[in-house]
Every structure is written in structure tokens, then in C-alpha cells.
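Read-outs throughout are calculated quantities, based only on the coordinates presented, and are distinct from any laboratory measurement. Since we're looking at a predicted model, the values are computed, not measured. Every residue, glycine as well, gets a Cβ built from its backbone with ideal geometry; the counts of neighbours run over all protein chains shown.
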Amino acid sequence: MFEEKIIACTTYVTGIALLFNPAPELKYIGGIITVTLMVVGIPVVYELAKTFVSKRKRLKNAK
């Protein structure tokens with residue numbers, strides 16, 4: 001539960017940080033990330049992160 005929140009917040013913060021980056025290419029990427037997160041919302045990113053973490057834990061336990 002905690003990992004998913006960290007992933008969701010980190011993605012959002014990364015988008016905002018890239019938005020204020022001086023390099024134009026990174027600005028576009030940051031803008032896309034930030035706008036996408038604003039449109040779909042953090043709960044969607046949270047669900048994706050939850051799926052990712054659960055798959056990772058399953059793979060870890062399978063070894």
C-alpha cells in the first residue's frame with residue numbers, strides 16, 4: 001500500500017520537475033506526464049502502481 005502511493009506521487013513530482021526543466025524536450029515530456037495525471041487523476045496511477053507492485057511481489061516469491 002505504501003509503495004503504490006510513493007510510485008504515484010513520484011510520477012507526479014517527476015512530471016512537474018520536468019515541466020520546469022530548461023531543456024525543451026524534457027519540458028514536453030514533463031507537460032505530457034503532468035497533464036495526463038491531471039486528466040486521469042492520481043487514483044488511476046495508484047491502481048497501476050498497485051498492479052505493478054503486486055506483480056513484482058509475485059515474481060519475487062516465485063523464485
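Here are the numbers:
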read-out	value
Subset tally (residues that are in contact (Cβ under 8 Å) with a residue 24 or more places away in the chain and among the charged types (D, E, K, R)) for the stretch 1-46	3
Any hit, the stretch 34-54, residues being exposed (fewer than 13 other Cβ atoms within 10 Å of the Cβ), small (Gly, Ala, Ser) and assigned to a helix (DSSP H, G or I)	yes
Residue in the stretch 45-62 that is of a type in the set (Asp, Glu) and out of contact with any Asp or Glu (no Cβ under 9 Å at 6 or more places or on another chain) present	no
Some residue of the stretch 40-47 being among the hydrophobic types (A, V, I, L, M, F, W, C) and over 9 Å from the mean Cα position of the chain (by Cα)	yes
Residue count for the stretch 1-20, restricted to those that are over 19 Å from LYS50 (Cβ atoms), touching a Lys or Arg at 6+ places or on another chain (Cβ under 9 Å) and surrounded by 13 or more Cβ atoms within 10 Å (Cβ to Cβ)	2
